[in-house]
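Following: one structure in structure tokens, then a few remarks.
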Amino acid sequence: MKLEQLCRELEYVCLKGSLQTEVRDIIYDSRKLAKETMFVCMVGAVTDGHRYIPDAVEKGASVIVLEREEEAARIPETVTVLKVASARYALALMSAALFGYPDRKLITIGLTGTKGKTTTTYMIKSVLEMAGKKTGLIGTIGVAVGDRLIPSKNTTPESYEIHRMFAAMVEEGCEYVVMEVSSQGLKLDRTAGIVFDYGVFTNLSPDHIGPAEHDSFEEYLECKSLLFRQCRTGIVNVDDEHWREVLKGHTCQLRTFSVENGTDSSAAEGNETADVDLLAYDIGFIREDGRLGMRFYVRGCMDCAVKVHIPGRFSVYNSMVTMLVCHLAGISGEAILAGLAKVQVKGRVEMLPVSKDYYLIIDYAHNEVSTRSVLNTLLEYHPKRLICVYGGGGDRSKLRRYDMGEVTGELADLCVLTCDNPRSEEIRDINRDIRVGLAKSGGTFIEIDDRKEAIAHCMVNAQPGDMIVLLGKGHEDYQEIKGVKYHFDEREAVAEILDEIREGKR
């Protein structure tokens, strides 16, 4: 592709060379440089792409994109040089052009917020697909293109990767893509140039604040707000105390949702309507056939009863986002309700209906905050006993282990300490640290190193009304032990245990 085609929507200065230069690919990692590629000198917290200009020249890059004009002096006249204000922004716009602007061939749905993004993206994807709409996904768990799940390093990948994935989704016949848009992704221009059809704000609380992420809560909030300056329709939770600040300077049409008796169900300031577009009320808890969930009613753009088999009050909010997005996208009410009734999100308060007598739940929670949230959610269903099966990650802070032990000891009736991803550490050493927290809160525990055997012990000894929650693995299908990743999927382990019980082996 000619360089002029790649930068037709970009502001730049050509310091050397020709816009007719041929570019086979765009590279921002100097280790991947090759002939006739463009090298974009991105400046990050750890490294500066300008340092690798000599490598780019040596390896035959045909174009170098830089931010500092003085760097051009050491680049031969045979190499085309573009100066831009922001290399990250330039990478986003040129990547879109390289892949043929795939975002414009998809209906794009972006979610930002502190909690609930992963679960809600999967709920939207599931409901759309149940309605016959092929949908791609980008988020914390990975990238879903058709039936393939590709691991991802970042919740919101680099802009080049986003457009490469979008192009693959278009090739697979996807009509929609739903993605998590992190504050870091917005701050670092990973989604620059994309005009989302729908932008969603779930909620906001202090998170990702530190030297390598955001300097302050105010900056974190400001980065979240950027989504509503690059979407056509904004869908906003007006029960969150920060929603007005998130919408500051917005350029989109607004749609709002709220739960009756929420903290703030008034509509946006200015010309917006006084009533929310979707209001949930008469909320209740479901316990049926080994599954937990929520039921509620809504009025507004939809007027109906709703059932979802994902436990917890937060599921009402996640369901309302799903309903509003799908309703605005033209999905019928019947299809939306049918989809919500069936949807499950892998590793996020995931129900495994193994028995009518007790409940088995898988969740990815592996720190104090997420564990407290999950356990408090389950306690609202008044289990006879709440039993936690978990371990701790090796080569990680011991503070997390102390905190996990303390919160599970406080809220659970029994803790079964076992293996998670011990990495280079010994399982017993990790669990000894967890016991420090358990002792502080007075928790009851046993230890079974083998995770499958720990799960089996709980299933064999379950009493009617018990809830067994397997914490820490979630969507993961491996255990990392002494530098080796071994296949281990809790769903498969549970199925094997059930077979062994039926065969009288347990």
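The values are calculated or read from the model by the stated rules, or taken from the named source; none is laboratory data. Not measured: the values here are computed from a predicted model. All Cβ positions, even for glycine, are placed from backbone atoms using ideal geometry, and neighbour counts span all protein chains on display.
Based on what the data block shows, is N431 of a type outside the set (F, W, Y), over 31 Å from the mean Cα position of the chain (by Cα) and modelled with pLDDT of 95 or more?
Taking the combined requirement at face value, the residue does not satisfy it.
Taking E334, is it out of contact with any helix residue (DSSP H, G or I) (no Cβ under 9 Å at 6 or more places or on another chain) and either under 30 Å from L470 (Cα atoms) or at pLDDT 95 or above (or both)?
Working: out of contact with any helix residue (DSSP H, G or I) (no Cβ under 9 Å at 6 or more places or on another chain): yes; either under 30 Å from L470 (Cα atoms) or at pLDDT 95 or above (or both): yes.
It is true that E334 is out of contact with any helix residue (DSSP H, G or I) (no Cβ under 9 Å at 6 or more places or on another chain) and either under 30 Å from L470 (Cα atoms) or at pLDDT 95 or above (or both).
Tell me the residue from L352, L379, L337 that is in contact with a strand residue (DSSP E or B) (Cβ under 7 Å, 6 or more places away or on another chain) and surrounded by fewer than 17 Cβ atoms within 10 Å (Cβ to Cβ), please.
Numbers: L352 fails: surrounded by fewer than 17 Cβ atoms within 10 Å (Cβ to Cβ); L337 fails: surrounded by fewer than 17 Cβ atoms within 10 Å (Cβ to Cβ).
Exactly one of L352, L379, L337 is in contact with a strand residue (DSSP E or B) (Cβ under 7 Å, 6 or more places away or on another chain) and surrounded by fewer than 17 Cβ atoms within 10 Å (Cβ to Cβ), namely L379.
Which ranges mark the helices (runs of 4 or more DSSP H) fully within the stretch 1-120 that have 2 or more residues being in contact with a Lys or Arg (Cβ under 9 Å, 6 or more places away or on another chain), in the same structural domain as R164 (by TED's automatic domain parsing) and surrounded by fewer than 18 Cβ atoms within 10 Å (Cβ to Cβ)? It would help to see each step written out before you state the result.
Values: elements: 3-6, 53-58, 87-98.
Filter on the stretch 1-120 gives an empty set.
Of all residues in the stretch 396-427 being among the acidic types (D, E) and more than 15 Å from V369 (Cα to Cα), which is surrounded by the fewest Cβ atoms within 10 Å (Cβ to Cβ)? Before you say what the answer is, go through the steps one by one.
The initial filter retains those residues of the stretch 396-427 that are among the acidic types (D, E), namely 403, 406, 410, 413, 420, 425-426.
Okay, now just the ones that are also more than 15 Å from V369 (Cα to Cα), so 413, 420, 425-426.
Details: D413: 14, D420: 23, E425: 17, E426: 12.
So, considering only residues that are among the acidic types (D, E) and more than 15 Å from V369 (Cα to Cα), the one surrounded by the fewest Cβ atoms within 10 Å (Cβ to Cβ) is E426.
Determine whether the stretch 388-396 contains at least one residue that is under 18 Å from V127 (Cβ atoms) and free of Cβ contacts under 8 Å to residues at least 40 places away in the same chain. Full working, then the answer.
Taking the stretch 388-396 as the starting set, the residues that turn out to be under 18 Å from V127 (Cβ atoms) are none.
There is no residue in the stretch 388-396 that is under 18 Å from V127 (Cβ atoms) and free of Cβ contacts under 8 Å to residues at least 40 places away in the same chain.
Answer with yes or no whether A365 is at pLDDT below 95 and touching a Leu at 6+ places or on another chain (Cβ under 9 Å).
Numbers: at pLDDT below 95: yes; touching a Leu at 6+ places or on another chain (Cβ under 9 Å): yes.
Judged against the criteria, A365 is a match.
Looking only at the stretch 319-334, count every residue that is surrounded by fewer than 23 Cβ atoms within 10 Å (Cβ to Cβ) and either outside the structural domain of I107 (by TED's automatic domain parsing) or touching a strand residue (DSSP E or B) at 6+ places or on another chain (Cβ under 7 Å) (or both) and tell me the total. First the steps, then the outcome.
So in the stretch 319-334, the residues surrounded by fewer than 23 Cβ atoms within 10 Å (Cβ to Cβ) come out as 327-334.
So of that shortlist, the ones also either outside the structural domain of I107 (by TED's automatic domain parsing) or touching a strand residue (DSSP E or B) at 6+ places or on another chain (Cβ under 7 Å) (or both) come out as 328-329, 333.
Looking only at that region, the number is 3.
When you look at V407, is it more than 21 Å from Q479 (Cα to Cα), free of Cβ contacts under 8 Å to residues at least 12 places away in the same chain and either touching a His at 6+ places or on another chain (Cβ under 8 Å) or among the β-branched types (V, I, T) (or both), yes or no? Working first, answer last.
On the way: more than 21 Å from Q479 (Cα to Cα): yes; free of Cβ contacts under 8 Å to residues at least 12 places away in the same chain: no; either touching a His at 6+ places or on another chain (Cβ under 8 Å) or among the β-branched types (V, I, T) (or both): yes.
No; evaluated as a whole, the condition is false for this residue.
Tell me, please, whether a residue that is in a strand (DSSP E or B), touching a residue at least 12 places away in the same chain (Cβ under 8 Å) and surrounded by fewer than 18 Cβ atoms within 10 Å (Cβ to Cβ) can be found in the stretch 485-497.
Residues of the stretch 485-497 that are in a strand (DSSP E or B), as a first pass: 485-487.
Cutting the leftovers down to touching a residue at least 12 places away in the same chain (Cβ under 8 Å) gives us none.
Checking the stretch 485-497: not a single residue is in a strand (DSSP E or B), touching a residue at least 12 places away in the same chain (Cβ under 8 Å) and surrounded by fewer than 18 Cβ atoms within 10 Å (Cβ to Cβ).
Among residues belonging to the stretch 145-181 that are polar (S, T, N, Q) and part of a loop (DSSP other than H, G, I, E, B), point out the one that is nearest to S225 (Cα to Cα). It would help to see each step written out before you state the result.
Keep residues of the stretch 145-181 that are polar (S, T, N, Q), which gives 152, 154-156, 159.
If we keep only those that are part of a loop (DSSP other than H, G, I, E, B) too, we end up with 152, 154-156.
On the way: S152: 24, N154: 20, T155: 17, T156: 16 Å.
Selected residue: T156.
Identify, please: which residue in the stretch 121-144 is surrounded by fewer than 22 Cβ atoms within 10 Å (Cβ to Cβ) and outside any helix (DSSP H, G or I) and is, among those, nearest to the chain's Cα centre (by Cα)?
First, the residues of the stretch 121-144 that are surrounded by fewer than 22 Cβ atoms within 10 Å (Cβ to Cβ): 126, 129-134, 140, 142.
Add one more test, that the residue is outside any helix (DSSP H, G or I), and what stays is 131-134, 140, 142.
Working: A131: 23, G132: 23, K133: 21, K134: 19, T140: 3, G142: 8 Å.
Selected residue: T140.
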